[in-house]
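Chemist: Okay, handing you the structure first.
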Amino acid sequence: MTDQASAPEPETQDTPDIPGKPTSASRTTLSHIMTNSDTNLLGTVHGGVIMKLVDDAAGAVAGRHSGGPAVTASMDEMAFLEPVRVGDLVHVKAQVNWTGRTSMEVGVRVLAERWNESAPPTQVGSAYLVFAAVDADGKPRRVPPVLPETERDKRRCQEAQIRRTHRLARRRAIMELRAKRAADGIED
């Protein structure tokens, strides 16, 4: 999340010169066992550790899908559902939900299970990240369209489009407010 991309351009999924890729082509799981060095003052795993794992897995997926470097443009709706403990085996599952011309939304689910138990993993978090594909000079580059394969993939793509609409509307409203304040002579 230290990588910064310039403000995203208006996008469409119209990429006729780039063949699409199925959702499964870039889907990945990153697994990591939590140790004492991952804890916060409460003795559970620090949220920042989980966020880094989320960003790492999402970055791998974005790079795979786009066929090259991709940088984190934004992260939203990071939800921590349950605490993660030392000794938990954490699985971070990520996939591309939606693509525009140069950006992608990656959905991430975080699961945890005790390293020495056979109980099924529990979902402990989720997040949505937007990545921008960049070339060697850091300039935006085109990405292949994502081709949803299952009904779940199709639903995720539709939900991602709603989130994108909300992100753009929020950005537009903030910019309008700032312009109005500047026009009224109010400095921040």
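Chemist: With the structure loaded, tell me whether ALA119 is in contact with an Asp or Glu (Cβ under 9 Å, 6 or more places away or on another chain), among the hydrophobic types (A, V, I, L, M, F, W, C) and surrounded by 14 or more Cβ atoms within 10 Å (Cβ to Cβ) or whether it fails that test. Steps first, answer last, please.
Modeler: Values: in contact with an Asp or Glu (Cβ under 9 Å, 6 or more places away or on another chain): yes; among the hydrophobic types (A, V, I, L, M, F, W, C): yes; surrounded by 14 or more Cβ atoms within 10 Å (Cβ to Cβ): no.
In short, no.
Chemist: Return the residue satisfying two criteria in turn: it lies in segment 24-43 and is over 17 Å from SER126 (Cβ atoms) and hydrophobic (A, V, I, L, M, F, W, C), and of such residues it is least open to solvent (accessible area, probe 1.4 Å).
Modeler: Top of the filtered list is MET34.
Chemist: OK, next. Does segment 151-176 hold any residues that are free of Cβ contacts under 8 Å to residues at least 60 places away in the same chain and open to solvent by less than 50 Å² (accessible area, probe 1.4 Å), and which are they?
Modeler: Answer for segment 151-176, where residues must be free of Cβ contacts under 8 Å to residues at least 60 places away in the same chain and open to solvent by less than 50 Å² (accessible area, probe 1.4 Å): just ALA169.
Chemist: List, please: which pairs have Cβ atoms under 6 Å, are six or more places apart or on different chains, and start with a residue in segment 119-138 that is within 26 Å of ARG167 (Cα to Cα) and end with one that is of a type in the set (Asp, Glu) and open to solvent by 20 Å² or more (accessible area, probe 1.4 Å)?
Modeler: Listed pairs, sorted by first residue: VAL124/GLU82; TYR128/ASP76; TYR128/GLU77.
Chemist: Could you tell me which of the residues VAL108, VAL71 is within 15 Å of LEU129 (Cα to Cα), at pLDDT 95 or above, among the aliphatic types (A, V, I, L, M) and touching a Lys or Arg at 6+ places or on another chain (Cβ under 8 Å)? Reasoning before the result, please.
Modeler: Working: VAL71 fails: touching a Lys or Arg at 6+ places or on another chain (Cβ under 8 Å).
After applying the criteria, what remains is VAL108.
Chemist: Of the residues that make up segment 155-177, is at least one modelled with pLDDT of 95 or more and assigned to a loop (DSSP other than H, G, I, E, B)?
Modeler: no
Chemist: Looking at VAL110, VAL86, VAL90, VAL106, can you tell me which residue is hydrophobic (A, V, I, L, M, F, W, C), in contact with a helix residue (DSSP H, G or I) (Cβ under 8 Å, 6 or more places away or on another chain), open to solvent by 10 Å² or more (accessible area, probe 1.4 Å) and closer than 29 Å to ASP38 by Cα? Reasoning before the result, please.
Modeler: On the way: VAL110 fails: open to solvent by 10 Å² or more (accessible area, probe 1.4 Å); VAL90 fails: open to solvent by 10 Å² or more (accessible area, probe 1.4 Å); VAL106 fails: open to solvent by 10 Å² or more (accessible area, probe 1.4 Å).
Just a single option satisfies the conditions, and that option is VAL86.
The values are calculated or read from the model by the stated rules, or taken from the named source; none is laboratory data. Just so you know, these numbers come straight off a predicted model, no measurement behind them. Counting neighbours? That spans all protein chains shown, and the Cβs are built from the backbone with ideal geometry, glycine included. Heads up: the accessible areas ignore ligands, DNA and RNA and are worked out on the full protein's heavy atoms, side chains in. Shrake-Rupley method; radii C 1.70, N 1.55, O 1.52, S 1.80 Å.
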